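All remarks here apply to the structure that follows.
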Amino acid sequence: LGEPIPAGTPTDPLVRTFLRRQRRLEEQQRRRQASLAQRLHRFLLKKFYLFRRSALMTLISLRNLALGRPPLQQLAQEVAYANWRGEEEEQPQSEQGNPEL
């Protein structure tokens, strides 16, 4: 417990679920103990990325209405760019994509 799992070691689904739950509980506790400035920064960052995504998706939709739908690969790249949440949000997403955790 508390030690990282060696790479390449298959983990039990129950262990993965437990580790995911522990990580989520630690994150919640860290957020509760954050200072007012940290909470405000996180709130503003979340709102910025929400507004950014909304504006980009609106522009993509309007362009598609005016000019027609682009190739699916281009559209997928544009949507991926619109969904980008910054360096701070990349770490949790990469952990979710890791099948060994």
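The values are calculated or read from the model by the stated rules, or taken from the named source; none is laboratory data. Note that the structure is predicted; figures quoted are calculated from it, not measured. All Cβ positions, even for glycine, are placed from backbone atoms using ideal geometry, and neighbour counts span all protein chains on display.
For segment 24-65, filtered to residues that are among the hydroxyl-bearing types (S, T, Y) and either assigned to a helix (DSSP H, G or I) or touching a Cys at 6+ places or on another chain (Cβ under 6 Å) (or both), the residue that is farthest from G86 (Cα to Cα) is S61. Which residues, taken from segment 6-23, are in contact with a Leu (Cβ under 8 Å, 6 or more places away or on another chain) and farther than 27 Å from G86 by Cα? Once the filter is applied, which keeps residues that are in contact with a Leu (Cβ under 8 Å, 6 or more places away or on another chain) and farther than 27 Å from G86 by Cα, segment 6-23 yields only T11. Only one entry of R21, R69 meets the criterion of being outside any helix (DSSP H, G or I) and modelled with pLDDT of 90 or more, and that entry is R69.
Can you pull out the residues in segment 7-52 that are in contact (Cβ under 8 Å) with a residue 60 or more places away in the chain, over 16 Å from the mean Cα position of the chain (by Cα) and surrounded by 11 or more Cβ atoms within 10 Å (Cβ to Cβ)? Within segment 7-52, T11, R16, L19 qualify.
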